[in-house]
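First comes the structure, then the notes that go with it.
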Amino acid sequence: MKLHDLEVAPGSKHRRKRVGRGNGSGMGSTCGRGDKGQHSRTGSKRRPYFEGGQIPLFRRLPKRGFKNPGKAVFHTVNLSALEANFNAGELVEAASLRSKGLIGEQDYALKILANGAITKALTVKAEKFSQAAQAAVEAAGGKCEII
């Protein structure tokens, strides 16, 4: 097959409907908008989620709770994940965790938690450590550096 052999699939291209070109076309006078009313006029639009004057769904549903815009969000990594994915003497930081797929791409702070055991001496750089996690890393001969 060559470029000059390519053709559009039959039925995939449609001509634009030309409205307002006389009554003989079937789309004259009111041009398919019907008679009278808001939407027969030019420039008529409805905002998204408009329900014809009925109270919209998002206003009918109850609102509960409070979303704190200043909430601190962390990527959390357990010691068991560090034990399984890093060798002794390696540096553990956000970039290395991201490259191994242990944390996502979002730019959140990193917190190390103490779930699991660690036996390797690792240098761990993070914004926060749980007390038990810091004690476990240092007991295994590693270092905890708070960024």
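The table below lists the values:
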item	result
Spin-label pair Arg16/Arg98, simplified geometry with 7 Å Cα→Cβ offset, distance in nm	4.5
Shape category assigned to region 1-116 from the gyration tensor of Cα positions, a/c cut at 1.5	oblate
Total lysine pairs under 25 Å (Cα atoms) in the chain, excluding pairs fewer than 8 apart on one chain	23
Summed side-chain charge close to Ala88 - residues other than Ala88 whose Cβ falls under 14 Å, Lys, Arg +1, Asp, Glu -1	0
Per-bin percent of Cα-Cα distances, region 74-146 [5 Å]	3, 19, 34, 29, 12, 3, 0
Förster-model FRET efficiency, 25 Å R0, Ala72 and Thr119, C-beta, rounded to 0.05	0.25
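Read-outs throughout are calculated quantities, based only on the coordinates presented, and are distinct from any laboratory measurement. All values reported here derive from a predicted model rather than from experimental measurement. Note that we place each Cβ from the backbone using ideal geometry, even for glycine, and neighbour counts take in every protein chain shown.
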